[in-house]
Structures are given as structure tokens and as C-alpha cells.
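S.K.: After the C-alpha cells below, expect a handful of questions from me.
Nothing in this text is a laboratory measurement; each read-out follows from the coordinates by a stated rule. Computed from a predicted structure; not experimentally measured. Heads up, the Cβs are rebuilt from the backbone with ideal geometry, glycines too, and the neighbour counts pull from every protein chain shown.
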Amino acid sequence: MNSGKIDVGYCGVTPVTTAISQGKHIKVVAAVNQEGSGIVVSKDLNVTSVADLEGKKIAIPKSGSIQDVLINYLFWKDNLNITDVKIQEMEVPIMPEALKTGEIDGFIGWEPYISISHLSGGGDVVMYSGDIWSHYPCCVVVTSDDFINKKPELLRKFLKVHVESTDYVNTHKGETAEILSEKLGVTLKIEEDALIHVEFVAVPTDEFKTNTLKIVDIQKKIGYIDKNVTITQNDIFDLDYLPS
């Protein structure tokens, strides 16, 4: 984005806050969703609590991802040590199959792969991300300061479509599930189940913004962001281009 290869992106909030902490000139211009992730383990394991994950091989999408931060937060919240878990990075779409074959004991990923694993009979959901942290920020729309300054009207048009699309998803869950099941090649039941666990939101609420700063604090504790760097809401968000 800073090189000009793309103008606008959809991604997890944690890579954005990390980049901002490193001096990258980007901004969150809209929200995408809250929650939407989950922890799944093999049905052969007797996992009934967070402590039962100790010693298990758990896949995460990528170091520094929102799911990585979330599982760290979960262990701290329960006064457990994340280093007691065998963490490995893996592409989310292959996690359900890796769980079936025994390559991993469990994974934390996003929908619909939580529902795919659960409904295919290969995995048990230990908890959904909303059980870990209710309404936590997940994905956002991000763009560069350069794009904001040079093409503000184009950004407004883009965000108008984004808001309208989000409204459609929230008011037409059945149709949305049908579209996604066809697009992704999964059953309608999987998408219907997946959509239950994702909160789609285009305009960040005060809670969304406050929780984003809480994520920054967690990132500092992990070591993904320098503890001496101060980041404010104004450093992260520029919401002036959303429809009024």
C-alpha cells in the first residue's frame, strides 16, 4: 500500500496497528466485522477448558494475526502460559484437513473454516471468539494517507458501497449464505452456521475504537509493538469519508 501497488485493502486490524506503530502512513477508514473466529480441536481429545490446550499442537494463521493476539489474550486472561502450547503457522483453509489427519491437535482460525471443521465431523469447537472477548475488533478497511489526500471522492464512493454491502449482509442473512456457499463451494448449512458467529459492522463504534487500543496494549505485551510507542485513536482511524 505504501508502495502504491494497492489503494484500499481488507485485513485484520493487528497488521494495521503494527504498521502504524512502525511509522507507516495508513489509516483505518471503516470497520468490517467483529468476532468471527474460533478454536477447534480434534474430537479425539478431551478438551473442556483452556488449560487442556497446554502441550497441544495448535495452528494459527500467522504470527501477529488477530487470531494469534486473541489466543495470547485468552491464556493471559486465564493466568496460563502460551509457551506451553506448540504453536505453528498454517494457512486457514487447510486447517480442517490438517486436523482430520492428525497433523495438528487444534487450530484457531476464522469462519467458515470453524464451521467446516465442526460440521464435517472432524473437530469440536472449544469456544468461539465471542466467548473469549465479546465484540472484539477483527477486520477493517485500510488505505494510505496518500490515497486519502489525492482521491477523497473515490474513497467516499468506495465506502458508500462498503456500507451498503454490509447493510445487505445484515438484513439478508439467508441470501448472503446462499451467495457465499456457492462462491466458496461449501454447503448452505456451513455458511448459515458461520454467519451466526460473525458481527458485520461498517461504521466503527466507540467500543470498536476503544477495543482497538486494547489490542495495541496486548500487542505491546507480546512484543509485536514497541512499548515506548504511543498510538492514539486519531493515529489509527480516519472516518471522515464514511457516508453521513
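S.K.: Going down the list K151/K227; K189/K221; K86/K214; K173/K221, which pairs span over 30 Å between their C-alpha atoms?
M.R.: In this structure, K151/K227; K189/K221; K173/K221 lie more than 30 Å apart at Cα.
S.K.: Would you mind ranking M95, M127 so that the residue whose beta carbon has the fewest other beta carbons within 10 Å leads the list?
M.R.: With the fewest neighbours first, M95, M127 line up as M127, M95.
S.K.: Same structure again: Roughly what would the spin-label model give for L213 and E175, points 7 Å off Cα along C-beta, in nm?
M.R.: According to this spin-label approximation, the distance is 3.9 nm.
S.K.: Which value in nm describes the separation of the simple spin-label points at D44 and T232, placed 7 Å from the Cα toward the beta carbon?
M.R.: Each label point is offset 7 Å from its Cα along the Cβ direction, giving 5.5 nm.
S.K.: Tell me which aspartates and glutamates have Cα within less than 17 Å of K24's Cα, excluding those fewer than 8 residues away on the same chain?
M.R.: Qualifying aspartates and glutamates at Cα under 17 Å: D7, D145, D146, D226, D235, D238.
S.K.: Now a separate question. Given a Förster radius of 41 Å and the C-beta distance between I196 and S3 as r, what FRET efficiency does 1/(1 + (r/R0)^6) yield to the nearest 0.05?
M.R.: After rounding, the FRET efficiency stands at 0.60.
S.K.: Place a label point 7 angstrom from the Cα of S134 along the Cα-to-Cβ direction, then list the residues of the stretch 49-91 whose backbone nitrogen is under 18 Å away.
M.R.: 74, 77-78
S.K.: Continuing with this model, one more query. Which entry in [x] 1.13; [y] 0.96; [z] 1.03 matches Cα Rg over 2.2 N^0.38 Å derived from the coordinates of this structure?
M.R.: Correct label is [z].
S.K.: By how many nm would the segment from Y168 to H25 lengthen if fully extended, with 0.36 nm per residue of separation less the alpha-carbon distance?
M.R.: Net length gain for the segment: 48.3 nm.
S.K.: Continuing with the same structure: Starting from the Cα-Cα distance between D240 and D145, subtract it from 0.36 nm times their residue separation and give me the gain in nm to one decimal.
M.R.: 32.9 nm
S.K.: Set the Förster distance to 25 Å, then compute FRET efficiency between T187 and T101 from the Cβ-Cβ distance, nearest 0.05.
M.R.: E(calc), rounded to 0.05, equals 0.70.
S.K.: Counting other Cβ atoms within 10 Å, keep those with at most 15, restrict to DSSP loop, and tell me which trypsin sites (Lys or Arg not before Pro) in the stretch 59-128 are left.
M.R.: Answer by residue number: K62.
S.K.: Right, here's the next one. Only Lys, Arg, Asp and Glu count, each charged at its Cβ (+1, +1, -1, -1), so figure out the dipole size of the stretch 91-244 about its Cα centre, rounded to 20 debye.
M.R.: It comes to approximately 400 debye.
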